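The values are calculated or read from the model by the stated rules, or taken from the named source; none is laboratory data. Keep in mind that this is a model prediction, so the values were computed, not measured. Glycine also receives a Cβ, built like all others from the backbone with ideal geometry; neighbour counts cover every protein chain displayed.
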Ligand code: SF4
Ligand code: SF4
């Protein structure tokens, strides 16, 4: 990398440092507790994966630029400036070795939000050209095509045709004035089209109108994952424009963890103004329907099942009760993992890790944390609410010879809906 | 220099200097943090940031069960030396008299026998902390010279206080002077090491708690 | 002679079958779209289902094989993917469902879920204007189900 781009990276990291970040660095006592919270450290035993170490270059920049003592030390040659080798060495820790799961932030005794620090240091690594290829490609496609996986509108249209043909249900495109604007993740379109059908059936039963924007159907935000705020803002703006143009009251983020926090909490800060519509995760919408008596289900699953909390939903989005209440509608044999809800362990594939092929081996090591949780519990079925968690879990289970099917919660609920005669099913 | 002159320096000029460095150093550190500011959160809140911030300042004092189970010794030991240190600092009668003389504030203390025992406990706890730091792969990896310095300047006041009280090693007057100097060393070093956490932890907890409160998530 | 005219009929007919029969029909559905994949593991997995005397263990192994095939074929999060290349993935998912447990307590039956996955496999290939292939798959499924029911009758099963 040229020294110019390293300079840019350093400048960007410097710009990210605000009072919270400075208070975190000032407070760190090197107690190492955060390591015990992180599946990457716990499963590899490699101390480099200690969360606070992942932002060490940022700490040095902070100390040298924003503290008197640090400046003196730097002038006296007692501390070394961050250089290209540091970017080289930390790239793997910052991207491959962190799923931005936020677990470390919850255990730090002095209250450091380490996960957010890592999210921020990525901004510097991305501009310095030190981001993994997989994420760079995904981000480029998100900007150029509108989907990190290169999913085009025609694919969605094909699915909508299929939906109409096989179930008689419609997924209306660009319908102004609908109650809900539904976003999808590319993962759902490509791998789990059942989600779209589930939404169509649930909305029909609840008697709500909904629409998908042909210009902004993608929910995920690669800009947030790679750490390029300009791009992240542009991707958010597309959804905002679509929602405002269609005049919807609520935008629904799909079964994807980070898509939700990106649009719900980061979004307004990225574009610099509040929205004039609400953003809800699909599980929040379903929970509202349940409370209003709009969801009618029949039958209960008899399999012993548990719920894998997507990190972004529980730890950064606060959606904890909804999935449990919803599961209660369709099963009596629900059991909790030992560490669940806000202390759940990550599947290992979040925060852009699963988009980064280079990280595959590390990701599968980190999965062993999930494996041990599941081994202890012995369940027949695993339910979750994130398409990325779902594939990561399926892959991990497969590699470990564990025969546990993984299902999306929305889909499972839709499967239990009381069919209303004359609706759906016909061609 | 006689022991008496030594003691009076420690009590007089030495202390004044140390206190000045401590107070201005800490204020500077806090100013360095706060002056960076932060942007307002424009996202629709689900709860109160202020409540979340205040709550986290308190609740983060206790560990989460899931992590406690992994490192019980390290965590309990952390409580022991924090509580032990604060107890001998603030609940030893002669210390309280000193606070009274300097600030006009006083409060009830603990019997000296208990303070003496707490002192021993704190010393052993700090030694264990060092042993853990030298043996745990994570702690060893994270530790810098500054961590060991912070450890040393924390240990010295407790150790010298214990020696002075029990008339060990040096004549009382000389040991007392060494004790006071060690406190001054702690005060001088604190603003330039991780010991700033004695104040800044509240800011850190506040910021994380504020954000969590706004989002309506656990913290 | 039983005929199946539309999807309502098909769904009803599938719902009436027991799991073994459903599995059998489902495997026939998957065979019908098997040309869309090069994964030879799937053919073997299906042959286990179609054999009447397959044991629990064999079925389980077939299921595992199908799932491995599906995971191998899935579009990776954030990877450059093409909808028209997803066909093998859906064929594998169909085989996975056909060899898997019956969804209990839900409104969808195993064979119906398999039928849907098979249609999705054709849906990927259908170009934007051509919907015929998916319709072909649908009518093939109706024919397969009807033939199966009729052959059962002929054998005095009913
Ligand atoms: S848990 Fe917090 S204080 Fe301890 S090492 Fe990690 S960041 Fe520092
Ligand atoms: S956010 Fe999660 S993955 Fe990243 S360092 Fe913290 S605990 Fe580890």
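Yes/no matrix, rows are residues, columns are (1) touching a residue at least 60 places away in the same chain (Cβ under 8 Å); (2) buried (at least 17 other Cβ atoms within 10 Å of the Cβ); (3) over 29 Å from residue C:112 (Cβ atoms); (4) within 20 Å of the chain's Cα centre (by Cα):
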{"residue": "A:337", "(1), (2), (3), (4)": "no, yes, yes, no"}
{"residue": "A:378", "(1), (2), (3), (4)": "yes, no, yes, no"}
{"residue": "A:399", "(1), (2), (3), (4)": "no, no, yes, no"}
{"residue": "A:405", "(1), (2), (3), (4)": "no, yes, no, no"}
{"residue": "A:408", "(1), (2), (3), (4)": "yes, yes, no, yes"}
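Considering only region A:40-51, state which residues are facing chain B (nearest Cβ under 10 Å) and either crowded, with 24+ Cβ neighbours inside 10 Å or away from ligand 1 (no atom under 15 Å from the Cβ) (or both).
A:41, A:45, A:46, A:49, A:50
I'd like to check which helices (runs of 4 or more DSSP H) are fully inside region B:37-121 and have at least 3 residues that are at the interface with chain A (Cβ under 10 Å from one of its Cβ atoms) and touching a residue at least 60 places away in the same chain (Cβ under 8 Å). Walk me through how you get there before you give the answer.
Values: elements: B:49-59, B:65-68, B:72-90, B:93-103.
Hits in region B:37-121: B:49-59.
When you scan region A:87-111, how many residues do you find that are on the phi > 0 side of the Ramachandran plot and near ligand 1 (Cβ under 9 Å from one of its atoms)? Let's see the steps before the verdict.
So the first thing to find is which residues in region A:87-111 are on the phi > 0 side of the Ramachandran plot, and the list is A:100, A:102, A:111.
In the following step, the residues that additionally are near ligand 1 (Cβ under 9 Å from one of its atoms) were identified as A:111.
Count: 1.
Does residue A:114 count as within 16 Å of ligand 1 (Cβ to nearest atom), within 30 Å of residue B:59 (Cα to Cα) and away from chain B (no Cβ under 14 Å)?
no
Restricting attention to region A:314-325, does a residue exist that is under 19 Å from the mean Cα position of the chain (by Cα), within 14 Å of chain C (Cβ to nearest Cβ) and more than 28 Å from residue A:418 (Cα to Cα)?
no
What about residue C:86, is it more than 14 Å from the chain's Cα centre (by Cα) and exposed (fewer than 14 other Cβ atoms within 10 Å of the Cβ)?
Considered against the rule, which asks whether it is more than 14 Å from the chain's Cα centre (by Cα) and exposed (fewer than 14 other Cβ atoms within 10 Å of the Cβ), residue C:86 comes out as no.
Return the residues of region C:20-43 that are closer than 14 Å to residue C:148 by Cβ, in contact (Cβ under 8 Å) with a residue 40 or more places away in the chain and away from chain A (no Cβ under 14 Å); say none if nothing qualifies.
C:21, C:22, C:23, C:24, C:25, C:26, C:27, C:28, C:30, C:32
Name the residues in region A:17-30 that are more than 18 Å from residue B:192 (Cβ to Cβ) and facing chain B (nearest Cβ under 7 Å), would you?
Across region A:17-30, the qualifying residues are A:17, A:18, A:19, A:20.
Could you check how many residues of region A:285-304 are within 12 Å of another protein chain (Cβ to nearest Cβ) and crowded, with 23+ Cβ neighbours inside 10 Å?
Number of matching residues: 1.
Given the criterion within 20 Å of residue B:123 (Cβ to Cβ), at pLDDT 95 or above and within 12 Å of another protein chain (Cβ to nearest Cβ), identify the matching residue among B:148, B:207, B:162.
Exactly one of B:148, B:207, B:162 is within 20 Å of residue B:123 (Cβ to Cβ), at pLDDT 95 or above and within 12 Å of another protein chain (Cβ to nearest Cβ), namely B:148.
Of everything in region C:36-51, what is touching a helix residue (DSSP H, G or I) at 6+ places or on another chain (Cβ under 9 Å) and assigned to a helix (DSSP H, G or I)? Give them in sequence order.
C:36, C:41, C:42, C:43, C:44, C:45, C:46, C:47, C:48, C:49, C:50
Which residue out of C:54, C:66, C:75, C:61 is within 14 Å of another protein chain (Cβ to nearest Cβ) and assigned to a loop (DSSP other than H, G, I, E, B)?
Being within 14 Å of another protein chain (Cβ to nearest Cβ) and assigned to a loop (DSSP other than H, G, I, E, B) holds for just one of C:54, C:66, C:75, C:61, which is C:75.
Residues B:140, B:194: which one is over 16 Å from the mean Cα position of the chain (by Cα) and within 14 Å of chain A (Cβ to nearest Cβ)?
B:140
What single numbered condition from (1) in a helix (DSSP H, G or I); (2) away from ligand 1 (no atom under 16 Å from the Cβ) fails to hold for residue A:119?
Checking residue A:119 against (1) in a helix (DSSP H, G or I); (2) away from ligand 1 (no atom under 16 Å from the Cβ), the one that fails is (2).
Specify which of the listed residues (A:191, A:221) is within 19 Å of the chain's Cα centre (by Cα), farther than 30 Å from residue A:121 by Cβ and outside the structural domain of residue A:349 (by TED's automatic domain parsing).
Just a single option satisfies the conditions, and that option is A:191.
Can you pull out every residue in region A:11-38 that is more than 15 Å from ligand 1 (Cβ to nearest atom) and crowded, with 24+ Cβ neighbours inside 10 Å? Walk me through how you get there before you give the answer.
In the first step, residues of region A:11-38 are kept if they are more than 15 Å from ligand 1 (Cβ to nearest atom); the result is A:11-19.
Scanning region A:11-38 gives a single hit, A:13.
Output the residues belonging to region A:335-354 that are more than 14 Å from chain B (Cβ to nearest Cβ) and within 22 Å of residue A:131 (Cβ to Cβ).
Those that are more than 14 Å from chain B (Cβ to nearest Cβ) and within 22 Å of residue A:131 (Cβ to Cβ): A:347, A:348, A:349, A:350, A:351, A:352, A:353, A:354.
Scan region A:250-279 residue by residue and report those that are within 10 Å of chain B (Cβ to nearest Cβ), closer than 15 Å to residue A:314 by Cβ and out of contact with any strand residue (DSSP E or B) (no Cβ under 7 Å at 6 or more places or on another chain).
Those that are within 10 Å of chain B (Cβ to nearest Cβ), closer than 15 Å to residue A:314 by Cβ and out of contact with any strand residue (DSSP E or B) (no Cβ under 7 Å at 6 or more places or on another chain): A:261, A:265.
Just to confirm my filter: which helices (runs of 4 or more DSSP H) fall fully inside region A:1-112 and include at least 2 residues that are closer than 30 Å to residue B:218 by Cα and either at pLDDT below 95 or within 16 Å of ligand 2 (Cβ to nearest atom) (or both)? Walk me through it before giving the result.
Values: elements: A:3-16, A:19-27, A:33-37, A:39-44, A:56-66, A:68-75, A:84-91, A:103-107.
Those helices (runs of 4 or more DSSP H) span A:19-27, A:33-37, A:39-44, A:56-66, A:84-91, A:103-107.
Is it the case, given these coordinates, that residue A:332 is within 12 Å of chain C (Cβ to nearest Cβ) and modelled with pLDDT under 95?
Spelling it out, residue A:332 is indeed within 12 Å of chain C (Cβ to nearest Cβ) and modelled with pLDDT under 95.
Quick check on my filter: what residues within region A:167-202 are surrounded by fewer than 18 Cβ atoms within 10 Å (Cβ to Cβ) and within 9 Å of another protein chain (Cβ to nearest Cβ)?
A:168
Of all the residues that make up region A:203-225, how many are away from chain C (no Cβ under 11 Å) and outside any helix (DSSP H, G or I)?
14
Please work out if residue A:377 is more than 8 Å from every other protein chain (Cβ to nearest Cβ), within 18 Å of residue A:319 (Cβ to Cβ) and either modelled with pLDDT of 95 or more or touching a strand residue (DSSP E or B) at 6+ places or on another chain (Cβ under 7 Å) (or both).
Working: more than 8 Å from every other protein chain (Cβ to nearest Cβ): yes; within 18 Å of residue A:319 (Cβ to Cβ): no; either modelled with pLDDT of 95 or more or touching a strand residue (DSSP E or B) at 6+ places or on another chain (Cβ under 7 Å) (or both): yes.
Answer is no for this residue.
Quick one: is residue C:14 surrounded by 15 or more Cβ atoms within 10 Å (Cβ to Cβ), over 13 Å from the mean Cα position of the chain (by Cα) and within 14 Å of chain A (Cβ to nearest Cβ)?
Here the answer is no, as residue C:14 does not meet what is asked.
Filter region A:142-166 down to the residues that are facing chain C (nearest Cβ under 7 Å) and in contact (Cβ under 8 Å) with a residue 60 or more places away in the chain, then identify the one that is surrounded by the most Cβ atoms within 10 Å (Cβ to Cβ).
Step by step, filter region A:142-166, then rank; the result is A:148.
Just to check your reading of the model, which residue among C:61, C:68, C:57 is surrounded by fewer than 21 Cβ atoms within 10 Å (Cβ to Cβ) and without any contact (Cβ under 8 Å) to a residue 12 or more places away in the chain?
Result of the check over C:61, C:68, C:57: C:57.
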